[in-house]
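Q: Here it is, the structure in full.
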């Protein structure tokens, strides 16, 4: 006989917590670390960083909504981590942008615009909406033919 999470006292709560922690880690690594570091590597001090960051928020906000993840704690963590990340990039001892002096207002503005848009779009896509006498997340109204 194989025991499931339901057989353990508080098992469903533990499973939910583990899934939430796993999704938090996944979104932190993919939607924050990978995206902003790739954008920084591609654009450096270019003003194309801001619109590229804003455009990147759309698919990742949609991804968060599809997984039905509530990103508010993650947004606070990312906000603080971003402040430390940009501060570290501006440090003269930083190895990443040793050859250029980074434009701090550009880096802060574009990265925080990405973070704010990511959280706002994740919230918007998860907003409950009426569809065929059912309340569904707003993102499902974009693809009504998809099965549940």
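Taken together, the values in this text are just the output of simple stated rules run on the coordinates, not laboratory data. Here the structure is a predicted model, which is why all the values come from computation and not from measurement. When we count neighbours, we look across all protein chains shown, and the Cβ atoms used for this are built from the backbone with ideal geometry, even at glycine.
Q: With each run of n ≥ 4 DSSP H residues scored as -39500 (n - 2.57), what mean residue ellipticity at 222 nm is computed for the chain after dividing by its residue count and rounding to the nearest 500 deg cm²/dmol?
A: -20000 deg cm²/dmol
Q: Could you calculate the contour length gain from residue 67 to residue 99, that is, 0.36 nm times the residue separation minus the distance between their Cα atoms, to one decimal place in nm?
A: Roughly 7.5 nm would be gained on extension.
Q: Angle, helix 72-90 long axis vs. longest principal axis of the chain, Cα atoms, 0 to 90°, nearest 10?
A: 20 degrees
Q: Can you pull the one-decimal nm distance between simple spin-label points at residue 15 and residue 142, each 7 Å off the Cα toward Cβ?
A: 3.0 nm
Q: When averaged across all projection directions, what area in nm² does the alpha-carbon convex hull of segment 42-142 cover?
A: 7.1 nm²
Q: Over segment 42-142, what relative contact order in percent results from Cα pairs under 8 Å that are six or more residues apart?
A: Result for segment 42-142 is 40 percent.
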